[in-house]
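Below: one structure, written as structure tokens.
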Amino acid sequence: MSLPFVDGPEDRTPTPLLERRTPRHQPLVLIGERHEWMARSLASVITPRGYDIFHAFTAEDIVLETRQRRPDVIVLGARLPGKDCEQICRDLRLIGDTGPVTPIVVLTSLQVSQSERLGFLEAGAWDCIRFPEQVPELLMKIQTFAQAKVTAEMGLREALLDAETGLYNFRGLLRRARDESAEAWRYSTPLACVTLAPEEESEKRILEHQELVSEFVRRTSEILRSETRSSDVLARLDRIRFGVLAPSTGGAGAAILAQRIVETLDTAFAAEPLLEGQLVTFQAGCYGVQDIRKEGLDAEKIVRRTHTALKRARAHGPSRRVEPYDQGRLVS
């Protein structure tokens, strides 16, 4: 999978993941229920209200479909094969693109005790409703929760932090880059940026196994925290691509920083492979400027040049580990 770059001497910065999501005409509801007749019964009352529906019948399929299709509301039967409903709720909450913002409604045909209800809520469900006795309430809750999901996603688009890692997102990196470049402009201090990603074959292997993405992101973000200074700005730019903004660092320092991070990541993933027998290796593009005022650069251009350098590194193949961008031209 190629990164979302476009051709040109200096590529435009890519749109953040949430903003690239294709808008839906109708909210999408996942029904997780082991009995097909029950799933069809649920669909028959939900679909006429203007929702798209898809089904999953096992715990494994529920998690897989949620990762791939990112529903707006999840409706779960209280009794599912493979795992109990509480554990499924917990598993769903660990999915980066789902997390706490996707509503989960647990349905039961039997009266549940107060302790059972609290167990579902503690595991991450938003509500527990009896079906079919409470169909009108179910429909009202789905409508309200779907609207809440849309509002939450709008907030995430405007937010500066990545919910899964706690690092800045792409928008947050640009905001901090503007702040740091203003400081560098005022005091004539250096400023550098590094963009890094797995090389293309490693990237394809990770993205082919969706369950590995969260583990990859967790380990990479931890290593970045350990290999950078407290003054550096760390960001998750896309699903498996990261950036580092380094104040008081020039071009030579940017190359050294990029090389150190790439080597550390390579070593860590070689010692504990994501996929047995398959190595994950990294590449980076970097750029540093000694005097931002003299160069007449803005924050976005500094970040954009690292993306251009990374694209060039990938074009050369996996042996080109770090590609600096120097004085408005790529170092070949």
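The values are calculated or read from the model by the stated rules, or taken from the named source; none is laboratory data. If you're wondering where the values come from, they're calculated on a predicted model, not measured in any experiment. For neighbour counting, all protein chains shown are included, and Cβ atoms are generated from backbone atoms with ideal geometry for every residue, glycine included.
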Give all pairs with beta carbons closer than 8 Å in which a residue from the range 257-273 that is assigned to a helix (DSSP H, G or I) meets a residue that is of a type in the set (Gly, Ala, Ser) and surrounded by 16 or more Cβ atoms within 10 Å (Cβ to Cβ); count only pairs at least 6 apart in sequence or on separate chains. Leu257/Ala192; Leu257/Ala246; Ala258/Ala284; Ala258/Gly285; Gln259/Ala284; Ile261/Ala284; Val262/Ala284
Which condition from (1) farther than 25 Å from Arg236 by Cα; (2) touching a Ser or Thr at 6+ places or on another chain (Cβ under 8 Å) is the one that Cys193 breaks? (1)
From the options Ala254, Ala246, residue that is at pLDDT 95 or above, surrounded by 20 or more Cβ atoms within 10 Å (Cβ to Cβ) and out of contact with any helix residue (DSSP H, G or I) (no Cβ under 8 Å at 6 or more places or on another chain): Ala254
Apart from one, (1) among the acidic types (Asp, Glu); (2) surrounded by 15 or more Cβ atoms within 10 Å (Cβ to Cβ); (3) at pLDDT below 90 all hold for Asp127; the odd one out is (3)
Here the residues within the range 207-237 that are aliphatic (A, V, I, L, M) and farther than 22 Å from Arg260 by Cβ are Leu207, Leu212, Val213
Hey, Arg205 closer than 26 Å to Ala163 by Cβ, among the basic types (Lys, Arg) and touching an Asp or Glu at 6+ places or on another chain (Cβ under 7 Å) or not: no
Evaluation of Ala313 against (1) crowded, with 22+ Cβ neighbours inside 10 Å; (2) within 23 Å of the chain's Cα centre (by Cα); (3) small (Gly, Ala, Ser); (4) part of a helix (DSSP H, G or I) (one fails), failing number: (2)
In the range 87-117, residue modelled with the highest pLDDT [restricted to those that are under 18 Å from the mean Cα position of the chain (by Cα) and among the β-branched types (Val, Ile, Thr)]: Thr102
Could you count how many residues in the range 184-194 are part of a helix (DSSP H, G or I), among the small types (Gly, Ala, Ser) and surrounded by fewer than 22 Cβ atoms within 10 Å (Cβ to Cβ)? 0
Taking the residues in the range 133-172 that are within 17 Å of the chain's Cα centre (by Cα) and of a type in the set (D, E, K, R) as candidates, determine which candidate is modelled with the lowest pLDDT. Arg157
Under 8 Å by Cβ, and 6 or more places apart or on different chains, what pairs join a residue from the range 197-213 that is in the same structural domain as Thr281 (by TED's automatic domain parsing) with one that is among the acidic types (Asp, Glu)? Ala197/Glu203
For Arg293, the lone unmet condition from (1) at pLDDT 95 or above; (2) in a helix (DSSP H, G or I); (3) farther than 22 Å from Glu164 by Cα is (1)
Verdict on Phe282 being within 22 Å of Arg236 (Cβ to Cβ), in contact with a helix residue (DSSP H, G or I) (Cβ under 8 Å, 6 or more places away or on another chain), free of Cβ contacts under 8 Å to residues at least 60 places away in the same chain and aromatic (Phe, Trp, Tyr): no
I'm trying to understand the selection: among the residues of the range 274-283, which are within 14 Å of Pro318 (Cα to Cα) and either touching a Cys at 6+ places or on another chain (Cβ under 9 Å) or assigned to a loop (DSSP other than H, G, I, E, B) (or both)? Leu279, Val280, Thr281
Residues that are out of contact with any Leu (no Cβ under 6 Å at 6 or more places or on another chain) and not in a helix (DSSP H, G or I), drawn from the range 195-219: Leu196, Ala197, Pro198, Glu199, His209
Sort out which residues of the range 120-145 are among the hydrophobic types (A, V, I, L, M, F, W, C) and farther than 21 Å from Glu86 by Cα, and write them in order of number. Val135, Leu139, Met140
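Here's the yes/no breakdown for (1) closer than 17 Å to Lys141 by Cβ; (2) not hydroxyl-bearing (Ser, Thr, Tyr):
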site: Ala39; (1), (2): no, yes
site: Thr47; (1), (2): yes, no
site: Asp61; (1), (2): no, yes
site: Leu107; (1), (2): yes, yes
Would you be able to tell me the number of residues in the range 222-251 that are within 18 Å of Gly172 (Cβ to Cβ) and among the β-branched types (Val, Ile, Thr)? 4
